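Everything below concerns the one structure shown next.
The values are calculated or read from the model by the stated rules, or taken from the named source; none is laboratory data. If you're wondering where the values come from, they're calculated on a predicted model, not measured in any experiment. Quick reminder, even Gly has a Cβ in these numbers, built from the backbone with ideal geometry, and neighbours come from all protein chains shown. Just so you know, the surface numbers come from the protein's heavy atoms only, side chains and all, with ligands and any DNA or RNA stripped out. Shrake-Rupley method; radii C 1.70, N 1.55, O 1.52, S 1.80 Å.
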Amino acid sequence: MDKPNPTRLFVSGVLSFVLMGALPGLYGVSLPLYRRLFDLEPGQGGALLAANAIGAFLAVLAGVFGLPGVTARTSLGLMAIGAGLMTIQANWPLTLMATLVLGMGFGMAGAVFNRRFLAEFGGRGPGMVGLLNATFGIGAIASPILFVLAGGSPQLIFAAIAVLSALTILVIQPSGHRAAAQPGPGIWTRREATILLLLFVAAPLEAGLSGFGPSALIARGTDEVAAAGFTSGFFAAFLLGRLSLVWLTRWFDPAHLFLGSLAGVSLCSLFAMAGTGSIGFVLSGAPVGMMFPTFFIWASNRLGRDASVASAILAAGLSGGAVGPLLLGPILSSAGLGGLFVVMAVLGVAVTLVTLIALLYAPRPDLA
């Protein structure tokens, strides 16, 4: 076997994350089309977002339990298959199954490439992981724009994702590093692990705004082309929020940054609720982008930095991202999609207050 080439790892990782990033924005702008095509109730689109998160969660569990086949090539293969199935649009059950498969590839690629970048780039590993995750925003910004250029049809975009995923497999080389030992159940039995509940209840904020945000704008009178543009704006702010952490984490405690990101989402949702929905939605992208990385650093400092902690944090976020849309669906079906920002504001304020209480009473100091 050839010695692993860092350039090939970098290229395949970046391509994978750009393709992964295209999915959230594409789901968001496609929901109105699927509701018309499959005659869905306003909140039923949440099942699409939940299917993606459930698939990602299953992929993470496969890695946690050391199942065979959890590789970069498998992840890209699943993404190619799922995206290919998404182009058919025959019925709603097939679309949900395709999204589930796409989600499995999404979650597996995230876990595999983050681990490989950290291990195979040596001392540059942490910085390369940050750079890798930032490229996620490129696909997220581009996909709504491409959706408009494709005439408001997601089929061409999903077809491109399928083809590019398959081609990226050709670039990938097997890892020259043995994976870290698989985590056991110990993290779940520790009292400190209750901190993970904060991410679980915060994750629906990201899923709700990125997934239902465009539909909420349309329900409030924004046309679909403009809503797609605002969705790109949301993910541009998302990317800027993540990039800002390169500097902010040098000066502020990650726990305080996490609290600030929750407060920011709450304020932006209140702003959108007050009448300027498009501006509030776009601005909310920055604090949404900051939520997971700041929580990850905080929780890792509190619980440790081994593989079991990383897997547990990821599992908490993915499970919250799966449950959130399923709960939001019935609420939005009853209140109307235009009420999304009210729901996000209420949830955001509640999670912010709970996090503030947790910070006030959490044992100190954090681990170094």
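Structure notes:
- Stokes-Einstein D in µm²/s, Kirkwood radius over Cα pairs - segment 223-368 at 10 °C with 1.306 mPa s viscosity: 97
- Taking the square roots of 5 times each eigenvalue of the Cα gyration tensor of segment 1-103, largest first, gives ellipsoid semi-axes of 29, 15, 11 Å.
- Backbone geometry of segment 290-295 corresponds, through the Karplus equation with coefficients 6.51, -1.76 and 1.60 at θ = phi - 60°, to 3J(HN,Hα) couplings of 7, 4, 5, x, 5, 5 Hz, x marking Gly and Pro.
- Solvent-accessible area of the chain (1.4 angstrom probe, protein heavy atoms only): carbon and sulfur portion equals 71 percent.
- In the context of the full set of protein chains, the chain has a per residue accessible area of 42 Å² (1.4 Å probe).
- At 0.890 mPa s and 25 °C, Stokes D of segment 53-155 from Kirkwood alpha-carbon radius, µm² per second: 164
- The chain: relative contact order as a whole-number percent, Cα under 8 Å and 6+ apart: 26
- For the chain, pairs of C-alpha atoms spaced more than 33 angstrom apart make up 24 percent of the total.
- Over 22 Å [Cα-Cα, segment 242-327], rounded percent: 35
- Where chymotrypsin sites (Phe, Trp or Tyr not before Pro) in DSSP loops with at most 15 other Cβ within 10 Å are excluded, longest remaining stretch of the chain: 66-251
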